[in-house]
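Heads up: the structure comes next, in structure tokens.
The values are calculated or read from the model by the stated rules, or taken from the named source; none is laboratory data. Bear in mind the structure is a predicted one, so any value in this text is a computation, not a measurement. In this analysis, Cβ positions are derived from the backbone assuming ideal geometry, glycine residues included, and neighbour counts consider all displayed protein chains.
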Amino acid sequence: MDELLQQLVNGFSNGAVYASLALSLVLVYRASGLLNFAQGEMAMVATYGAWELTERDIPVAVAIAIAMAGSFVFGALIERLLIRPVGDAETHALPLTIVTIGGFITLNAFAQWRWGTAVRSFPPLFGNGKITVAGAIITHQVIGTVASLLVVVGLLFLLFQKTKLGLAIRSVSSNVESSRLVGVPVGVVLMVSWGIAAAIGALAGGLVAGNQDLSPFMMQFILVSVFASATLGGFDSPLGAVVGGLLVGVFEVLIGRYVGIVGTDLALGATFVLILGVLVVRPQGLFGTAKVRRV
Amino acid sequence: MGGGALALLENRWVRLGAWLVAALLIAVIPQSFEDPDLQIFNYALASAVAAIGLNLLTGFNGQISVGHGAFFGIGAYTTGILVADHGWPHLATFVPAALLCFVIGMAVGLPALRIHGAYLALVTLAMATVFPQLILRYESVTGGGSGLAVPKWNPPDSVDLSREQFHFYLFALVTVAAYLLVRNLIHSRMGRAIIAVRDDETAATVLGIDAAKVKVMTFGLSAALAGIGGCLFAVAFRSLSPTLFGILLSIELLVAVVVGGSATLAGPIIGALFLEWSPEVIDAGDGQVSQILFGVLLIALMRVAPGGLLGGAKRLLVRAMPPPALEPPDDDEPAASAAPPPDTVEGP
């Protein structure tokens, strides 16, 4: 029982990280209609930026906040300078995908070149403390990770539902042409969406690095799980990203631990089978909206 | 006659000329490059066959796959296991490899009937992720992490060629065969159905095309070609290990297709050559700096030529030689527009 509880805690901890990065993917997908393969690497570079600041004795919370602000600008610039000039996702899906793959390669190689391939320790945002609940050890970092996710989701909800900017973002993701006609500054909305996505990614990066270590490859290990989370939840649903992330995190841990024939090495594969099953019934994911086409 | 650049590309003499140039290159390359460089060409041709297959699916049929590395791996391991452990001749292994990939490809194509776009990309990405794990898991058959050595395929004694030269001619032959297969398929009734399903599945269905059958068949055929590319790779590389066939390979194949020019016939071959040669050409002295330059090059290339190298070249040619103005109508109206914009044209 204790052990099951511990596994669940671990699953939730992984899942919260998947969920944050999946949120980034979903925000970009809603804005530009493409899968950003570089999202994880953008977060990784931002985390190295935060690490540089902590090395200069800046508190880790401040460092991550600065990295998030920097990422916001960086994300917005990427949208404006690299993505938009190529074309829209309807007609240019493949070239856009290659641009994000190019970004992935560039950022990863840059991090290796600038900071080396050795792993570095990154100060945990929520300290090294831990509490014990019913025999399961829960670190403050885990509690903080889940809490951060909840705060991010809450803020996004307020942004989307209660502000004019949020309304504009929702309107663009629903119909670009009509939004433009009613005077929504579509370009600004796209840049802001990419900026928010990158900022959330930077936070996720700081949390991952605090849980494990900082390395140029830290995001590649989890990227596939993050994609799986976004798919399970539905690419156009922020709520879906969160639920999908937590489900994938918990399912991976449990099936790896308790289903002998699967084991940890094929846990991700088993998760995919589950997702495939969900997709066959609901091709748009759990919370995604099905595209209705006018013929 | 006139007709601008596109008519020029359709001209049979121009086409014959292109074939002659290709034949000349195939004849000359093995004589002009040393074995290590020739080996890079051989890897490129192996990738080219797989990219031709992926292009059939992604370019012509509009189904994105980020998992063709797995089919490449299945082909490579089929050849490796049958030759190393069961003493098959290399060439004979291509048949079961292609059949196996065809069947598995059709099986993967089945969920693709309901799952589209980014969701389909994930299903295929899953395949690319799981394949190396399966190789590790079934170590007794595959050699697992310590790898599988593929016996050499030496040229017959009657032929006076080095092994690499022999492989090059053989691989070029397979590549040309794959090219012709896809070209003839695309120009057939089935090929028009494949493209119609990409452009508008509903409209294609209304026209009486069995979209499900077309999509599943295309997936299978595409996978079979990727598998044959893998067979060639096994012959050329001779040492198989699971890390070679991870997600990165699947992404590279997709890059080869798009960089060369998706939904063009020769594009994947050009893309594969580009991909294998760019690490040699872009050499900044520091591996990571070279990688940075390669990534920037990809981004820049998509900016200036979203249609890939071949698509971009075609556009330049069309711009240099615009198609002639349409015949003015009989009445006194001035001829309004001179031909449609060339960008929308998708030629061979």
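The requirement of being modelled with pLDDT under 90, of a type outside the set (S, T, N, Q) and over 22 Å from the mean Cα position of the chain (by Cα) is fulfilled somewhere in the range B:118-129, by at least one residue.
Looking at A:Arg114, A:Arg84, A:Arg56, just one residue is surrounded by fewer than 18 Cβ atoms within 10 Å (Cβ to Cβ), farther than 30 Å from B:Ala263 by Cβ and within 14 Å of another protein chain (Cβ to nearest Cβ), and that residue is A:Arg114. Somewhere in the range A:261-284, is a residue part of a loop (DSSP other than H, G, I, E, B) and more than 12 Å from chain B (Cβ to nearest Cβ)? Checking the range A:261-284: not a single residue is part of a loop (DSSP other than H, G, I, E, B) and more than 12 Å from chain B (Cβ to nearest Cβ). Considering (1) of a type outside the set (S, T, N, Q); (2) surrounded by 23 or more Cβ atoms within 10 Å (Cβ to Cβ); (3) facing chain B (nearest Cβ under 9 Å), the lone condition that A:Lys291 does not fulfil carries the number (2).
When every residue of the range A:165-173 is checked against the conditions, at least one turns out to be modelled with pLDDT of 90 or more, outside any strand (DSSP E or B), out of contact with any Phe, Trp or Tyr (no Cβ under 9 Å at 6 or more places or on another chain) and under 23 Å from A:Gly70 (Cβ atoms). Listed here are the helices (runs of 4 or more DSSP H) enclosed by the range B:65-174 that have at least 1 residues being within 14 Å of another protein chain (Cβ to nearest Cβ) and loosely packed, with under 15 Cβ neighbours inside 10 Å: B:90-109, B:139-142.
Look at A:Val9 and say whether it is without any contact (Cβ under 8 Å) to a residue 12 or more places away in the chain, farther than 21 Å from B:Ala118 by Cβ and not acidic (Asp, Glu).
no
Note on the range B:290-306: residues that are in contact (Cβ under 8 Å) with a residue 12 or more places away in the chain and facing another protein chain (nearest Cβ under 7 Å) total 3. For B:Ile64, the requirement of being of a type in the set (Val, Ile, Thr) and over 21 Å from A:Ile101 (Cβ atoms) is not met. Being of a type outside the set (A, V, I, L, M, F, W, C) and over 30 Å from A:Ala270 (Cα atoms) is not true of B:Pro132.
In the range B:264-286, of all residues being under 20 Å from B:Arg198 (Cα atoms) and away from chain A (no Cβ under 14 Å), the one that is surrounded by the most Cβ atoms within 10 Å (Cβ to Cβ) corresponds to B:Leu265. Taken together, A:Leu96, A:Leu23 contain a single residue that is out of contact with any strand residue (DSSP E or B) (no Cβ under 9 Å at 6 or more places or on another chain), in contact (Cβ under 8 Å) with a residue 40 or more places away in the chain and at the interface with another protein chain (Cβ under 9 Å from one of its Cβ atoms), which is A:Leu96. The selection criterion, being on the phi < 0 side of the Ramachandran plot, over 17 Å from the mean Cα position of the chain (by Cα) and of a type in the set (Phe, Trp, Tyr), does not hold for B:Phe72. Go through the range A:117-129 residue by residue and tally those that are exposed (fewer than 13 other Cβ atoms within 10 Å of the Cβ) and either away from chain B (no Cβ under 14 Å) or assigned to a helix (DSSP H, G or I) (or both). The qualifying residues number 3. Kindly indicate whether B:Ile251 is within 17 Å of the chain's Cα centre (by Cα), touching a residue at least 40 places away in the same chain (Cβ under 8 Å) and buried (at least 21 other Cβ atoms within 10 Å of the Cβ). Against the criterion (within 17 Å of the chain's Cα centre (by Cα), touching a residue at least 40 places away in the same chain (Cβ under 8 Å) and buried (at least 21 other Cβ atoms within 10 Å of the Cβ)), B:Ile251 qualifies.
Please return the ranges of helices (runs of 4 or more DSSP H) entirely within the range B:179-263 where 1 or more residues are among the small types (Gly, Ala, Ser) and either touching a Ser or Thr at 6+ places or on another chain (Cβ under 7 Å) or within 14 Å of chain A (Cβ to nearest Cβ) (or both).
Working: elements: B:189-199, B:201-206, B:211-237, B:247-260.
Filter on the range B:179-263 gives B:201-206, B:211-237, B:247-260.
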